[in-house]
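The values are calculated or read from the model by the stated rules, or taken from the named source; none is laboratory data. Everything numeric in this text was worked out from a predicted model, so none of it was measured. Cβ placement follows ideal geometry from the backbone for every residue including glycine, while neighbour counts extend to all protein chains displayed.
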Amino acid sequence: MEKQQHVQWLYDWLWWERFWLPMGVSWADLEDSEGRVYAKASQLWDMVPFALGLLLLRVLFVRYVAKPLADVCGVQDKVRTPAEPEPLLEDFFCHKTRQPSQAELVSLCKKLSWSQRKVLQWFRRRRNQNRPGLRKRFCEASWRGVFYFCSFFGGVVALYDKPWVSDLRQVWAGFPKQSLLPSQYWYYFCEMGFYLSLLLSLTFDVKRKDFKEQVIHHMATLTLLSFSWISNYIRVGTLVMAVHDSADILLEGAKVVNYARYNKAANMIFVVFTALFMLTRLVIFPFWLIHCTWVYPLELYPAFMGYYFFNVMLVVLQALHVYWAVLITRMLYKSLFGSLEGDDRSDEEEEDDSDTSTEMKQKPRHINGSGPRGRATGH
């Protein structure tokens, strides 16, 4: 009996109306009636089959579309020389560090009677064995680009005739008693399924230096979309998704073209992407959409906890936009006015077997097929 009371208390606390809904609105007001259909929290489980379906579709896309396309474009992995079998170094590599210090290097040389150059070369070759090749990068970018293309234009079809696209005050007309449209359901769960699939595949995808930022972004996006679904912030949610997807198409397209060695075309696409990213993420998103969610609701009802939560999550996304905008600006400057071959975001640089330790410090490290386009995130 006491356990049931605790469960009931937890349930009541989790679904406390004053957190999720404005004053004067209850969950009973959002029950389907009079031809109106409302979003339901239980539907969030639908993102799981969507995510699994997208993962399966991704496997099929890579096998039957991306890889044949890579062959047509001449995208090939660099032939790597494997590290020779050496149990002592392998144990050190797997259980201590992949980048030995000078003291550790001297110790290993004494134990093996090898020169420092040979030990360094072994570690470089061993690190390269685990690094994804150019074809994997090409396939990943192709998949994301195709999804963003389909998602964005699907969003355009779902939104083009809606009055709240041109008049943002209409986002809140009748809120929260706004009936759910079938197009909104499919748009939402394709997006949520995609970001969940990205979280599930992060450990298998090419790892970047902004790995933590990607996790934060995907989690914030899923949290934001889930909250907006439950609280019926669906109209503004679809606008946020469309704004984000628009620039992502160009980013992934630039990567694909760059991996195929069409450098001039990739640079042109990247310049257009940069302009669109700055417009959508640093202008439209903060000054139109966040303004829409921060100011207009207060004209209809007093602020409540969910209002603050939703806006804080939007601000978290905006902070990530600023972080990535700095990286993008730096890349664009280098691509236009200097030499740019590395990838500030990648942890998977291809290393040259012939470099000595001194040369490694002086020579910039390169990444297979990377360039300015490989450095930015489109999310």
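The C-beta contact set for the range 321-345 (first residue over 19 Å from Leu282 (Cβ atoms), second residue modelled with pLDDT under 80 and polar (S, T, N, Q), distance under 6 angstrom, 6+ apart or interchain) comprises Asp343/Ser370.
When every residue of the range 199-209 is checked against the conditions, at least one turns out to be within 21 Å of Ile249 (Cα to Cα), touching a Leu at 6+ places or on another chain (Cβ under 9 Å) and assigned to a helix (DSSP H, G or I). In the condition set (1) among the charged types (D, E, K, R); (2) touching a Leu at 6+ places or on another chain (Cβ under 7 Å); (3) over 30 Å from Cys73 (Cα atoms), Glu299 is compliant with all but (2). For the range 245-272, enumerate the residues that are over 20 Å from Gly154 (Cα atoms) and within 19 Å of the chain's Cα centre (by Cα). Matches in the range 245-272: Ala254, Lys255, Val256, Phe270. Of all the criteria given as (1) part of a helix (DSSP H, G or I); (2) touching a residue at least 60 places away in the same chain (Cβ under 8 Å); (3) in contact with a Gly (Cβ under 8 Å, 6 or more places away or on another chain), the one not satisfied by Leu225 is (2). Here Pro100 clears all of (1) outside any helix (DSSP H, G or I); (2) under 25 Å from Tyr301 (Cβ atoms); (3) at pLDDT 85 or above except the condition numbered (2). Of all the criteria given as (1) in the same structural domain as Asp205 (by TED's automatic domain parsing); (2) in contact with a Cys (Cβ under 9 Å, 6 or more places away or on another chain), the one not satisfied by Val119 is (1).
Filtering the range 168-184 for residues that are part of a helix (DSSP H, G or I), free of Cβ contacts under 8 Å to residues at least 40 places away in the same chain and within 21 Å of the chain's Cα centre (by Cα) leaves an empty set.
Can we say Glu349 is modelled with pLDDT under 90, in contact with a His (Cβ under 8 Å, 6 or more places away or on another chain) and acidic (Asp, Glu)?
On the way: modelled with pLDDT under 90: yes; in contact with a His (Cβ under 8 Å, 6 or more places away or on another chain): yes; acidic (Asp, Glu): yes.
Judged against the criteria, Glu349 is a match.
The number of residues in the range 12-58 that are closer than 23 Å to Phe304 by Cα and touching a Gly at 6+ places or on another chain (Cβ under 6 Å) comes to 2. The single condition among (1) without any contact (Cβ under 8 Å) to a residue 12 or more places away in the chain; (2) not assigned by TED's automatic domain parsing to the domain that holds Arg261; (3) not in a loop (DSSP other than H, G, I, E, B) that Pro85 does not satisfy is (3).
Among the residues of the range 68-82, how many are part of a loop (DSSP other than H, G, I, E, B) and without any contact (Cβ under 8 Å) to a residue 24 or more places away in the chain? Before the answer, list the steps.
Filtering the range 68-82 for residues part of a loop (DSSP other than H, G, I, E, B) gives 74-82.
Filter once more, keeping what is without any contact (Cβ under 8 Å) to a residue 24 or more places away in the chain: 79.
So the count comes out to 1.
For the range 292-305, the criterion of being in the same structural domain as Thr238 (by TED's automatic domain parsing), surrounded by fewer than 17 Cβ atoms within 10 Å (Cβ to Cβ) and polar (S, T, N, Q) is met by none of the residues.
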